[in-house]
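Enquirer: Just passing along the structure, written as structure tokens.
The values are calculated or read from the model by the stated rules, or taken from the named source; none is laboratory data. Keep in mind that what you see is a predicted model, and the values were worked out from it rather than measured. Glycine gets a Cβ as well: all are built from the backbone with ideal geometry, and neighbour counts include every protein chain shown.
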Amino acid sequence: MGKLLRALGLMSGTSMDGIDIALIETDGEHRVIRGERDSVEYPADFRDRLRQALEDARGLTDRRARPGCLAEVERELTERHAEAVRAFLSDRNLEPANVDVIGFHGQTVFHRPAQHSESGVMEPAFTVQLGDGALLASLTGIDVVYDLRAADVEAGGQGAPLVPAYHRALAARLPQRPLAFLNIGGVANVTWIGEDGRLIAFDTGPGNALLDDWALRHTGKACDVDGALARSGTADKEVLRQYLMHPHFERPVPKSLDRNDFTLSYVEGLSPEDGAATLAELTAAAVARSLSWLPAPPVLWLVTGGGRRNKHLMELLAWHLEAPIAPVEAIDLDGDSMEAEAWAYLAVRSLKRLPITFPGTTGVPGPATGGVLAPAPRAR
């Protein structure tokens with residue numbers, strides 16, 4: 001039985017609303033003891049700078065380049081993560097020495113799956129996350145594993161999704177098979193777990209990102225609370241049809257998306273209510289389309305991410321999927337902290353050089369480990 005390590009996971013997802021923090025103990029395989037978790041919201045002005053970072057990252061060809069505001073935002077992002085770690089530990093009377101490793105996701109500002117160029121040449125996947133692992137290790141006094149996606153991309157994978165390995169560990173205690181975890185963050189993705197533990201995972205389509213952007217524009221709120229705006233409108237079938245013609249839906253799995261692969265262009269001109277209704281329907285319809293890529297329909301869907309709080313969206317999903325669907329809280333998990341927990345788990349797997357991606361999850365040719373270790377400065 002492997003040694004348990006205490007790991008702290010940090011996640012700043014595509015919704016760009018803040019930092020999720022989770023502490024776990026794990027051997028990086030089947031044993032996971034979930035600990036305390038917390039979240040820190042980003043102030044509105046920093047969210048605006050992150051949106052600008054997305055714009056400045058467009059067209060990047062060197063994943064180490066930091067044009068425009070990227071260098072400044074990367075440093076601020078890292079400092080905010082360090083402050084969050086220090087506060088988390090202080091509030092729980094913990095010291096840096098009580099944590100073996102931090103799993104640091106950073107902020108994805110550009111992600112392009114492998115694709116054919118206009119000339120027909122296959123372009124490899126390309127992914128960029130802001131976050132200075134060495135600076136975070138220095139500021140916290142804890143070893144940091146970061147840049148977990150890069151090795152998968154270099155080996156020929158998509159670099160996403162990475163959470164399925166953790167989903168499989170969590171599912172070990174559940175009898176239902178096949179089982180699906182559906183994460184509805186800025187982008188939505190599914191993890192399918194078969195009878196033999198086989199994993200298939202991919203991005204299904206837009207999650208909350210478009211709906212959040214639309215709600216912010218028309219209501220001044222960061223999201224469509226409880227789906228109230230969407231519920232009061234009517235989905236535009238023609239606009240929905242245009243969205244569903246996106247080439248992503250015809251690409252074979254595994255496949256991944258960037259937050260900016262879908263935009264609000266098609267709903268421009270719709271009323272706030274009808275635009276929201278159309279975007280909610282798009283998320284649900286895209287998940288339903290994922291069924292065609294699965295070997296068998298899941299007997300249970302467990303939903304994580306912010307989308308599980310949108311009552312209207314959950315109703316749409318239940319109607320489209322025609323199968324039991326529930327938030328992960330129904331099995332005593334936490335849908336807010338799951339990705340942060342996963343990054344803690346993946347950091348331990350990285351330390352032990354265990355695989356974190358698989359052919360069925362990212363398209364990598366064989367199981368692959370990944371991550372860069374930034375050791376904390378040691379007292380002499």
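Enquirer: What are the residues in segment 48-96 that are of a type in the set (Ser, Thr, Tyr) and either in the same structural domain as LEU210 (by TED's automatic domain parsing) or under 22 Å from the mean Cα position of the chain (by Cα) (or both), if any?
Expert: Selection gives THR78 alone.
Enquirer: If you check ASP274, ASP332, which single one turns out to be on the phi > 0 side of the Ramachandran plot and free of Cβ contacts under 8 Å to residues at least 60 places away in the same chain?
Expert: On the way: ASP274 fails: on the phi > 0 side of the Ramachandran plot.
Only one candidate passes the filter, namely ASP332.
Enquirer: For LEU135, work out the one condition from (1) part of a loop (DSSP other than H, G, I, E, B); (2) touching a residue at least 40 places away in the same chain (Cβ under 8 Å); (3) surrounded by fewer than 20 Cβ atoms within 10 Å (Cβ to Cβ); (4) not small (Gly, Ala, Ser) it doesn't fulfil.
Expert: Condition not satisfied by LEU135: (1).
Enquirer: In segment 229-250, what residues are surrounded by fewer than 16 Cβ atoms within 10 Å (Cβ to Cβ), in a helix (DSSP H, G or I) and of a type outside the set (S, T, N, Q)?
Expert: Once the filter is applied, which keeps residues that are surrounded by fewer than 16 Cβ atoms within 10 Å (Cβ to Cβ), in a helix (DSSP H, G or I) and of a type outside the set (S, T, N, Q), segment 229-250 yields LYS237, GLU238, ARG241, PRO247, GLU250.
Enquirer: So which helices (runs of 4 or more DSSP H) stay within segment 299-378 end to end and still have 2 or more residues that are in the same structural domain as PRO96 (by TED's automatic domain parsing) and polar (S, T, N, Q)? Spell out the reasoning first.
Expert: Numbers: elements: 311-321, 338-351, 359-362.
The qualifying helices (runs of 4 or more DSSP H) are 359-362.
Enquirer: Among the residues of segment 140-172, which ones are part of a helix (DSSP H, G or I), of a type outside the set (Val, Ile, Thr) and either closer than 15 Å to PRO367 by Cα or over 19 Å from the mean Cα position of the chain (by Cα) (or both)? Spell out how you get there, then give the answer.
Expert: First, the residues of segment 140-172 that are part of a helix (DSSP H, G or I): 140, 150-154, 164-171.
Then drop every residue that is not of a type outside the set (Val, Ile, Thr), which leaves 150-152, 154, 164-171.
The answer is ALA150, ALA151, ASP152, GLU154, PRO164, ALA165, TYR166, ARG168.
Enquirer: Run VAL253 past the list (1) surrounded by fewer than 19 Cβ atoms within 10 Å (Cβ to Cβ); (2) assigned to a loop (DSSP other than H, G, I, E, B); (3) of a type in the set (A, V, I, L, M) and report the number of the one that doesn't hold.
Expert: (1)
Enquirer: Here is a list of conditions, (1) crowded, with 24+ Cβ neighbours inside 10 Å; (2) more than 28 Å from ALA222 (Cβ to Cβ), and VAL190 meets all of them except one; can you say which number that is?
Expert: Answer for VAL190: the failing condition is (2).
Enquirer: Is there a residue in segment 343-363 that is of a type in the set (A, V, I, L, M) and either at pLDDT below 95 or closer than 25 Å to LEU210 by Cα (or both)? Steps first, please.
Expert: To start, the set of residues in segment 343-363 that are of a type in the set (A, V, I, L, M) comprises 344, 346-348, 351, 354, 356.
If we keep only those that are either at pLDDT below 95 or closer than 25 Å to LEU210 by Cα (or both) too, we end up with none.
So far as segment 343-363 goes, no, none of its residues is of a type in the set (A, V, I, L, M) and either at pLDDT below 95 or closer than 25 Å to LEU210 by Cα (or both).
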